[in-house]
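Structure first, commentary second.
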Amino acid sequence: MQAKQRNHFDALYKANTDPWGYTTLWREQRRHNLLMSILDRPYYERAFEPACSTGVLTAKLAERAQVVIAWDGSKEAVLLADTALQSFEGVSVVHEHVPDHWPDGTFDLIVLSDFLYYLNPTDIARVAKRAQQSLAKGGFIITCHWVGSAHDFLTPGAGAVQDVLESELGPVNGPAYLDNDQLIAGWTFGSTELSADVDANSMPSGPAHADNAEQSDHGPQ
């Protein structure tokens, strides 16, 4: 994330401590619940969430993982998340950004939720590569994208993001879900079989499913 973007997000969080309505909008709560329902196992040892925002999804992950490393490139978001997550002993909130930086160690869960379209395609590919390299055997990468468009996206929407991800990670081989509001997809590496069935509404091969999404100037809110 570039310095200009970090300043942009800092300003958003200063103006509104919940700029995307994660705690107030039903569709945002539904997106998080769908993501959690698609995880490939009930419990994880070590999870990484590189864009934790105010920590709403992080709190849900902390109920399913012994350790959660939560990063965000906005210092204002990190202050909010750190306050919100004080009661979770296994959560570490850090002001840092990907893909230029990455935490040490391996993870059995990496959650790339609601931020990749704010990166350019080159950096999305770098995130995907670093995620796969830091994944423990049998680990799970899950991605979640709002199906829409916004003026501050550097990559134009979920379909374009999914193109880049599949070019690095290969075709989706784990659980997936698609509707008019979100695209969620998972990859497993080192396991012998899929851990969950793909939903009946999940995406077809390729990312064309996101091309006709309703357009908005306000981002995933």
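Looking only at residues that are open to solvent by 50 Å² or more (accessible area, probe 1.4 Å) and of a type in the set (S, T, Y) in the stretch 101-131, which one is farthest from H145 (Cα to Cα)?
T106
Can you tell me which residue within the stretch 7-22, out of those that are over 17 Å from the mean Cα position of the chain (by Cα) and not in a loop (DSSP other than H, G, I, E, B), is farthest from K75 (Cα to Cα)?
Residue satisfying both the conditions and the ranking: A15.
Are there any pairs with C-beta distances below 6 angstrom linking a residue in the stretch 141-160 that is more than 13 Å from A185 (Cβ to Cβ) to a residue that is open to solvent by less than 10 Å² (accessible area, probe 1.4 Å) and modelled with pLDDT under 95, with the two at least 6 apart or on different chains, and if so which?
Short answer, once both residue conditions are applied: W146/P220; S149/G157; A150/G219.
Pull up the stretch 160-216, narrow it to residues that are part of a helix (DSSP H, G or I), in contact with a helix residue (DSSP H, G or I) (Cβ under 6 Å, 6 or more places away or on another chain) and at pLDDT 95 or above, then point me to the one that is surrounded by the most Cβ atoms within 10 Å (Cβ to Cβ).
Ranking the qualifying residues of the stretch 160-216, first place goes to V161.
For the stretch 12-26, state whether one or more residues are open to solvent by less than 20 Å² (accessible area, probe 1.4 Å), under 16 Å from G186 (Cβ atoms), touching a helix residue (DSSP H, G or I) at 6+ places or on another chain (Cβ under 9 Å) and in contact (Cβ under 8 Å) with a residue 24 or more places away in the chain.
No, there is no match, as no residue in the stretch 12-26 is open to solvent by less than 20 Å² (accessible area, probe 1.4 Å), under 16 Å from G186 (Cβ atoms), touching a helix residue (DSSP H, G or I) at 6+ places or on another chain (Cβ under 9 Å) and in contact (Cβ under 8 Å) with a residue 24 or more places away in the chain.
Of the conditions (1) within 15 Å of C52 (Cβ to Cβ); (2) in contact with a Leu (Cβ under 9 Å, 6 or more places away or on another chain), A84 satisfies every one except a single condition; which number is it?
(2)
Looking only at the stretch 59-86, filter to residues that are more than 16 Å from the chain's Cα centre (by Cα) and touching a residue at least 60 places away in the same chain (Cβ under 8 Å); which one of those is most open to solvent (accessible area, probe 1.4 Å)?
The extreme case among them is K75.
Take the stretch 27-58 and flag every residue that is surrounded by fewer than 19 Cβ atoms within 10 Å (Cβ to Cβ), part of a loop (DSSP other than H, G, I, E, B) and without any contact (Cβ under 8 Å) to a residue 40 or more places away in the chain.
P42, Y43
In the stretch 87-100, what residues are assigned to a loop (DSSP other than H, G, I, E, B), open to solvent by less than 80 Å² (accessible area, probe 1.4 Å) and of a type outside the set (D, E, K, R)?
Within the stretch 87-100, F88, G90, H97, V98, P99 qualify.
Yes/no matrix, rows are residues, columns are (1) closer than 27 Å to T155 by Cβ; (2) touching a helix residue (DSSP H, G or I) at 6+ places or on another chain (Cβ under 8 Å):
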site	(1), (2)
D10	yes, yes
A70	yes, yes
L79	no, no
T83	no, no
F88	no, yes
S92	no, no
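Could you run through the stretch 143-159 and say how many residues are touching a strand residue (DSSP E or B) at 6+ places or on another chain (Cβ under 9 Å) and surrounded by fewer than 23 Cβ atoms within 10 Å (Cβ to Cβ)?
Number satisfying all stated conditions: 3.
The values are calculated or read from the model by the stated rules, or taken from the named source; none is laboratory data. Values in this document were obtained by computation on a predicted structure and should not be read as measured data. Because the Cβ atoms are built from the backbone with ideal geometry, glycine has one as well, and the counts that use them run over all protein chains shown. Note: accessible area is taken over every heavy atom of the protein model, side chains too, but ligands, DNA and RNA are not part of it. Shrake-Rupley method; radii C 1.70, N 1.55, O 1.52, S 1.80 Å.
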